[in-house]
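Colleague: Can you read through this structure? Questions will come right after.
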């Protein structure tokens, strides 16, 4: 059966957002074009790594002699998006593997999200290999979002801010402090 591709070539909006209180938040990647919205759930760590890797791609492209691709070094003001997720948050699938790339023909960052496979905690342990390699991994559906460089910079900044807006970390042991309190266990104090 062919893979259902939830594709967004030039989305009106693409964001990572959360639902819930710090310590119990659920993270979502959401794209919208017109009235069509697709939302997939993902882990906090996936959100952080995605944003960091987008920043790395943009910084590498920007460092080319003369910055011929006009990669912005900061988020363009007109692309700042601090609005909440579109409602209702109806999840298409839970993200397992993600891939990130650069399309030089359209000058866009390409985000691909593949669904979690039942019982899949670690794709490498299942020997699935690269999900983008033909014939190795045939998901039932996937999400593909292509975004221009300014939108990519804004997406990464917002995502890192959202990831960082969780529970504060204990300055002594580095673990999150819950609203109910925190019992600090310093390393080596057993």
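Colleague: With 139, 76 as the choices, which residue is surrounded by 12 or more Cβ atoms within 10 Å (Cβ to Cβ), at pLDDT below 95 and in contact with a strand residue (DSSP E or B) (Cβ under 7 Å, 6 or more places away or on another chain)?
Modeller: Result: 139 is the single residue among 139, 76 that is surrounded by 12 or more Cβ atoms within 10 Å (Cβ to Cβ), at pLDDT below 95 and in contact with a strand residue (DSSP E or B) (Cβ under 7 Å, 6 or more places away or on another chain).
Colleague: Taking the residues in region 156-180 that are in contact with a strand residue (DSSP E or B) (Cβ under 8 Å, 6 or more places away or on another chain) and free of Cβ contacts under 8 Å to residues at least 40 places away in the same chain as candidates, determine which candidate is surrounded by the most Cβ atoms within 10 Å (Cβ to Cβ).
Modeller: This residue is 177.
Colleague: If I ask for residues that are touching a residue at least 40 places away in the same chain (Cβ under 8 Å) and assigned to a helix (DSSP H, G or I), which ones from region 50-78 would you list?
Modeller: Within region 50-78, 50, 51, 52, 53, 54, 55, 57, 58, 61 qualify.
Colleague: If I ask for residues that are modelled with pLDDT under 90 and buried (at least 17 other Cβ atoms within 10 Å of the Cβ), which ones from region 39-71 would you list?
Modeller: 71
Colleague: Shifting gears a bit: So residue 36 passes all but one of these: (1) modelled with pLDDT of 95 or more; (2) surrounded by 12 or more Cβ atoms within 10 Å (Cβ to Cβ). Which condition number does it fail?
Modeller: Every listed condition holds for residue 36 apart from (2).
Colleague: When region 20-32 is examined, which residues are found to be modelled with pLDDT under 95 and touching a strand residue (DSSP E or B) at 6+ places or on another chain (Cβ under 9 Å)?
Modeller: 20, 22, 23, 25 - these are the residues of region 20-32 that are modelled with pLDDT under 95 and touching a strand residue (DSSP E or B) at 6+ places or on another chain (Cβ under 9 Å).
Listed here are the residues, each with its yes/no results for (1) at pLDDT 80 or above; (2) assigned to a helix (DSSP H, G or I); (3) within 30 Å of residue 106 (Cα to Cα).
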position	(1), (2), (3)
125	no, yes, no
135	no, no, yes
156	yes, yes, yes
185	no, no, no
190	no, no, no
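Colleague: Does region 87-97 contain at least one residue that is touching a strand residue (DSSP E or B) at 6+ places or on another chain (Cβ under 8 Å) and over 19 Å from residue 144 (Cα atoms)?
Modeller: no
Colleague: I've got another one for you. Which numbered condition in (1) outside any strand (DSSP E or B); (2) within 26 Å of residue 178 (Cα to Cα) is the only one that residue 1 fails?
Modeller: Residue 1 satisfies all of (1) outside any strand (DSSP E or B); (2) within 26 Å of residue 178 (Cα to Cα) except (2).
Colleague: Could you list all residues from region 19-39 that are in contact with a helix residue (DSSP H, G or I) (Cβ under 8 Å, 6 or more places away or on another chain) and assigned to a loop (DSSP other than H, G, I, E, B)?
Modeller: If the condition is that a residue be in contact with a helix residue (DSSP H, G or I) (Cβ under 8 Å, 6 or more places away or on another chain) and assigned to a loop (DSSP other than H, G, I, E, B), then 25 is the only one that fits.
The values are calculated or read from the model by the stated rules, or taken from the named source; none is laboratory data. If you're wondering where the values come from, they're calculated on a predicted model, not measured in any experiment. Cβ: placed from backbone, ideal geometry, glycine included. Neighbour counts: every protein chain shown.
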